[in-house]
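Read the structure below first, then the notes.
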Amino acid sequence: MSKLDDVSRLAGFLRGVTIAAMVVVPLAIVGGMLSLPLTPEVLSVNIDASPDATRTQLMLAAGLSLLRPLILLWTLNEMRKLFDAYVSRDVLTDHAARLIQRIGQGFVAMAVVPFLVRPVQSVLLTIANPPGARSLAIGLDSEMIFFALSGGLIIVIGWAMREASAAAAENRAIV
């Protein structure tokens with residue numbers, strides 16, 4: 001048995017886990033949205049919202065909270081495609097390298113979106129407060145840094161794999 005068989009077998013297992021995650025994540029989000037009241041606490045934005053915040057403001061803040069799970073689902077789908085490629089023994093190719101880069105881009109987006117969304121949510125949820133009691137929350141945490149660095153690493157690995165794939169194709173053309 002070759003190492004490529006091991007890669008293919010593990011990729012098949014991980015593809016199944018990824019597909020399961022792609023089913024569970026939306027179900028958990030929808031279940032939470034249907035069973036819990038729409039409050040700032042439920043949105044997990046850690047912002048002292050105005051007691052006068054309108055339902056529209058809460059819904060907009062909730063909608064912004066959904067951007068990150070949407071990016072997660074897109075990234076999981078790119079991972080599923082990569083595992084599909086590995087199951088098919090499409091390992092050291094430009095196609096696989098591009099998928100790796102897209103996964104890295106998803107990780108970077110997972111870092112950037114909360115950094116951009118949190119200030120907008122804080123303004124939305126405190127705009128009903130009187131002047132001087134409104135807030136603009138900007139924050140950076142270790143999770144954002146981890147996702148940004150991991151995403152950058154994965155993008156560079158994908159880029160290097162694309163270069164290696166191009167060199168291998170050039171070598172095959174010469175032989």
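From the list Leu66, Leu70, Leu136, Leu99, pick out the single residue that is at pLDDT 95 or above and exposed (fewer than 15 other Cβ atoms within 10 Å of the Cβ). Break it down stepwise before answering.
Numbers: Leu66 fails: at pLDDT 95 or above; Leu136 fails: at pLDDT 95 or above; Leu99 fails: exposed (fewer than 15 other Cβ atoms within 10 Å of the Cβ).
Residue meeting the stated conditions: Leu70.
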Take the residues in the range 122-133 that are touching a residue at least 40 places away in the same chain (Cβ under 8 Å) and not hydrophobic (A, V, I, L, M, F, W, C); name whichever of them is surrounded by the fewest Cβ atoms within 10 Å (Cβ to Cβ).
Asn129
Is it the case that Arg80 is among the charged types (D, E, K, R), under 16 Å from the mean Cα position of the chain (by Cα) and at pLDDT 95 or above?
yes
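Being under 30 Å from Leu136 (Cβ atoms) and at pLDDT 85 or above is the filter here; which residues of the range 29-55 pass it? So that I can check it myself, show each step before the final result.
Residues of the range 29-55 under 30 Å from Leu136 (Cβ atoms): 29, 32-33, 36-55.
Matches in the range 29-55: Ile29 only.
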If we keep just the residues of the range 109-121 that are crowded, with 18+ Cβ neighbours inside 10 Å and of a type outside the set (A, V, I, L, M), which is nearest to Gln57 (Cα to Cα)?
Gln121
Take the range 86-116 and flag every residue that is touching a residue at least 60 places away in the same chain (Cβ under 8 Å) and part of a helix (DSSP H, G or I).
Tyr86, Val87, Asp94, Ala96, Ala97, Arg98, Ile100, Gln101
Only one of (1) in contact (Cβ under 8 Å) with a residue 12 or more places away in the chain; (2) touching a helix residue (DSSP H, G or I) at 6+ places or on another chain (Cβ under 8 Å) fails for Pro119. Which number is that?
(2)
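The values are calculated or read from the model by the stated rules, or taken from the named source; none is laboratory data. All figures in this text were calculated on a predicted structure; none of them were measured in a lab. We place every Cβ from the backbone using ideal geometry, glycine too, and count neighbours over all the protein chains shown.
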